[in-house]
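S.K.: One structure is given below, represented as structure tokens, and several questions about it will come after.
Every read-out reported here was derived from the displayed coordinates using simple, explicitly stated rules and does not represent laboratory data. All of these numbers come straight from a predicted model, not from anything done at the bench. Glycine also receives a Cβ, built like all others from the backbone with ideal geometry; neighbour counts cover every protein chain displayed.
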């Protein structure tokens, strides 16, 4: 599998990358959002996070920060529910500021996102939607987007590691954690 480098713009020109140093890719599904409601949100992409979703994810973000203390790039779908989730990660885990990334919008294909993995980053977090995130994981793990099926709950995360030479080598699954476990990790000791 050959990775291609792209920036988070509408420009889809791809540039070949050389050998990558080992890279960790963290896939995070957006926190709990409002239910679909065509009268309130005729454009489904504009659905916000719920107050409960924000509160629960703050704790999960602290848990993610304890597992992955440093992130070089934090890329998020520009949809409010995903971008706001990334903003919470920035605030609670002290990660870099999120960058809006159209390649992570809900209706995109996983092949469009592989180019987001730049060779100058050691840890890249992608915040987005299902089933896109599971398809990205499958693509990185097996070379096809429909071989591996994940159940990535809202606010859950998957950590993959790409070996140093990503030419024809696939990622290794480090862990897949539901939000309940992340929240437990984010609680203060003794709480």
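S.K.: Rg to Rh ratio, segment 72-129, alpha-carbon atoms and Kirkwood radius? Could you put the intermediate results ahead of the total?
M.R.: Working: Rg = 10.8 Å, Rh = 11.4 Å.
Expressed as Rg/Rh, it is 0.95.
S.K.: Another question, if that's okay. Rank these for me by crowding, 54, 114, going from fewest to most other beta carbons within 10 Å.
M.R.: On the way: 54 15, 114 22.
Going from least to most buried by this count: 54, 114.
S.K.: Per residue, how much space in cubic angstrom lies within the convex hull of the C-alpha atoms of segment 18-114?
M.R.: 99
S.K.: In percent, what relative contact order does segment 121-191 have, based on Cα pairs under 8 Å that are 6 or more apart in sequence?
M.R.: Relative contact order for segment 121-191 comes out at 23 percent.
S.K.: Can I ask one more? Only counting other Cβ atoms within 10 Å, I'd like 150, 57, 170 sorted with the fewest neighbours first.
M.R.: Fewest-to-most ranking of 150, 57, 170: 170, 150, 57.
S.K.: Evaluate the Kirkwood expression for the hydrodynamic radius of segment 99-165, namely the inverse of the mean inverse distance over all pairs of different C-alpha atoms, and round to one decimal in Å.
M.R.: Over segment 99-165, the inverse of the mean reciprocal pair distance is 12.5 Å.
S.K.: For the residues 149, 81, 62, what sequence is obtained by ranking on other C-beta atoms within 10 Å, fewest first?
M.R.: Numbers: 149 10, 81 27, 62 21.
With the fewest neighbours first, 149, 81, 62 line up as 149, 62, 81.
S.K.: Modelled label-to-label distance, residue 22 and residue 37, 7 Å Cα→beta-carbon offset: nm?
M.R.: 4.7
S.K.: Tell me the Kirkwood radius of segment 63-191: reciprocal of the mean inverse pair distance over distinct alpha-carbon atoms, in Å. Mind dumping the intermediate values first?
M.R.: On the way: mean 1/r = 0.0664 Å⁻¹.
When all Cα pairs of segment 63-191 are included, the Kirkwood radius is 15.1 Å.
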